[in-house]
Each structure stands twice: as C-alpha cells, then as structure tokens.
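**Q** Right, I'll just put the structure down here and ask away after.
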Amino acid sequence: MYRFFDEVTVSGASKSTVINKLLQKNVRIFRAECQENGIKFRIKPNDRQKVIEIFDAICYNYKIVKGIDKNSVFGFLKRRWAIAVLFALVAVMFALIPRYVYTVSVDAPSYLYDEVKGVLMESGVKRWEKTSDVDAKKVERRISEIDGVSFADVKVLGSTVYVSVRPSLKKAEIVDVQKDLPLYSAVDAVITRQIVFTGTPAYKAGDSVKAGDALIFPYVTSGEDNLPTGANGEVFGIIGYSATVSYGGSMTTYEKNGNSKTYRVVDFMGLTGKMPKSPYKLYETRTRKVECGFLIPLGFLEITFDEIVGTTISLPYEQAKDAVIKRASEQAEKVVPEDARVIRREINEVEAGGVYYVTATVYAEGRIDASR
C-alpha cells in the first residue's frame, strides 16, 4: 500500500522533547499518537532527511516507514513502464475522446432510417469526426426536409450524437384492387372477433377456420354486384398450443436451485473482453448490457449463470402424475405468444402399453390473420 506521508516511530524518549525538537527545525507533524514507550507520527517525505539528522544527532531510537515522494513515484513508473504508458493513454483518451464522435444514436421509424443515415453521412456525422464540426441545427433542417418527417432533433453530448426523428402521418395509398388478394388465416382457430377495414368477412364469430382459409374477401356487395376493394383488417381467434410428455416409470426434472454466478466483461470502444465460462454443468444464461456514460465509450456486459439441477423420479404414475402434468404445462406455456390472452387450459391423459402420455393444451386469443 502506498502512502503520501512517512510514518515515524520513536521509542525511549520524552514525547514533548521529540515534538519540540522537530518544531524547532520547522518539521510539520501529522496525526501524532502517544504510545506506551514513545510516540508515533507522520511527516512529509521532503522533511525525511531533517528528521534523520535530528534523531541521529541526539541518538534517538527511531524507525521510519517511507511514503511516496517525487523520486519514488518516478522510480516506480520507470520500473513499470507499461503502467506508465497505460496511464498516459488513459489521460489522452479522457482529453480527446469527448472532442470526437464515437457513437451516433438514431431514433427513427424503420422506413425512414436509411434516409436519415444518408443525411448524417453526407453531413459528416460519423465516427472519429470532430464534435465541433457537427452543425446540429443544419443537420436538423436537412432531416426535416425528408418526405415523411415532421420533427427532427440533433444533440451532441460528449462523444455521442443523439438523433431523434418523429414521422408525419402517412399519405393515403392508392390500392390496385384488381390485384388485391383475400386475407388468409395463418393458423387453425375459432374466430372470436373481427375488425374489417375493407372487404367482406368470410366467417362470423364462433366459426372454426383452418390455416390457409380466406378470412376477408377483397370486395364489398352493393345490391347484386360485388365491387372490388382491398381485403384489410384484423381477425382474432382462439388458438390451441399443445405439448405432450410421456412417462414410462421414470422422469428427470430440471429446476434452478438458487445458485448463480455473475461476471462482468468490459466493453470498450467496441472491444469486448474474453467471455466467461459457466462454473455449472447445467445452467441458464442471463445477459445485460450496461453503459457507463457518454463521455467515453465504456460499458460492460453483465452475464449471469443460473445453476440447474436434475432430479430423477422413479414412481408409479399416480404418484408422479403432478410432476408430469407440470412439465407438459410448462412446455405448452413456452410457445404461447406474449401478447396472447389465455382463455383456458386443458390436460388430457392417455395410457398405451404401460406408457402414459400427458398432453397439456393452452387456449389463448390472438391475431390469426396472415398479416399479423
């Protein structure tokens, strides 16, 4: 451990005499502590030679633990030149990086993204360009001139240029109804509700449909005539998501046991350190990216390994039934979309040749049209 003060211990001497001798020679004393047979205090390294001369002249028993002075700092850096170079590079980085663009963050609709990026490149907003050369107001005006943009905001913070783009309302498109096709079902389902923008619905709520069936036809009826129009809308239905698990007398279940290990990997200027390996044989992985700030492009990846243990059960089916149903249900739940609304759940058990087959089905309402 490095100290910026020398620590001096004097034994077998009067405390007041020691202090008076030092003060007479203009030696500043810090954090003096009385001990059983002497005194301990601190001095600045540049007073070290004075103290040695004083105590040697009066034959005091003393001990000096040296701290850091200019010579020791230079000596340390000379012996460890790599560390000195690293410190110099870090100092240069802190001084220069905020003056240059490292990251360009664009918040824009996907259909406008390429045009916005093109304007930024033409305006010189790219990595390693000087931040002082970025004319935010001029870039804002150019982006605002893009067809479909209602508002643009450009800010330079540290080494990052933040671009925010808000779209204007889309102009109505002219649809060639002669080439329009029906809206088809993507899955087997039971229709629950329909929102028809244009066209004629083929089914009503409660009807069953198969994947590939036409849900909305591209026409509307006027009297006895069918007038061509677009087939556009949103159709919702109940979809069944199933999973089957077999049980022949034994089964291995896998669960988290609460043990986890988290590692952090530095991400600096797009360079990522060596990825860690899991200390567990069976595990699940969770990853989180953390940005440390906008002044320098520094962050880290937080990687967590959760240990999973397997437990094998060998029981009659009636005793293992709950565990089998739980596994089947978990597998069925995994395939249900996050935005679906669960309606009900069913369990079906079948025995064949001494093997039990458990099928869990989750019925959930969601979009069923192929345009979803």
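The values are calculated or read from the model by the stated rules, or taken from the named source; none is laboratory data. All values derive from a computational prediction rather than experimental measurement. Cβ sites come from the backbone with ideal geometry, for glycine too, and all protein chains shown count toward neighbours.
**Q** Would you point out the residue of the stretch 208-251, among those that are crowded, with 16+ Cβ neighbours inside 10 Å and β-branched (Val, Ile, Thr), that is nearest to Gln331 (Cα to Cα)?
**A** That would be Val245.
**Q** Here is a follow-up. Just for the stretch 1-21: of the residues that are more than 55 Å from the chain's Cα centre (by Cα) and assigned to a strand (DSSP E or B), which one is surrounded by the fewest Cβ atoms within 10 Å (Cβ to Cβ)?
**A** Ser11
**Q** Sticking with this one: Would you please list the contacts, defined by Cβ atoms under 8 Å and residues six or more apart or on different chains, that run from a residue in the stretch 120-139 that is without any contact (Cβ under 8 Å) to a residue 24 or more places away in the chain to a residue that is among the hydroxyl-bearing types (Ser, Thr, Tyr)?
**A** Sorted first by the residue in the stretch 120-139, then by its partner, the pairs are Asp135/Ser123; Lys138/Ser123.
**Q** Next up: Failed condition for Thr311, given (1) part of a strand (DSSP E or B); (2) surrounded by 13 or more Cβ atoms within 10 Å (Cβ to Cβ), with all others met?
**A** (2)
**Q** Can you tell me how many residues in the stretch 314-372 are among the small types (Gly, Ala, Ser) and assigned to a loop (DSSP other than H, G, I, E, B)?
**A** Residues meeting the conditions: 6.
**Q** When only residues in the stretch 22-40 that are among the aliphatic types (A, V, I, L, M) and part of a strand (DSSP E or B) count, which is modelled with the lowest pLDDT?
**A** Of everything passing the filter in the stretch 22-40, Ala32 is modelled with the lowest pLDDT.
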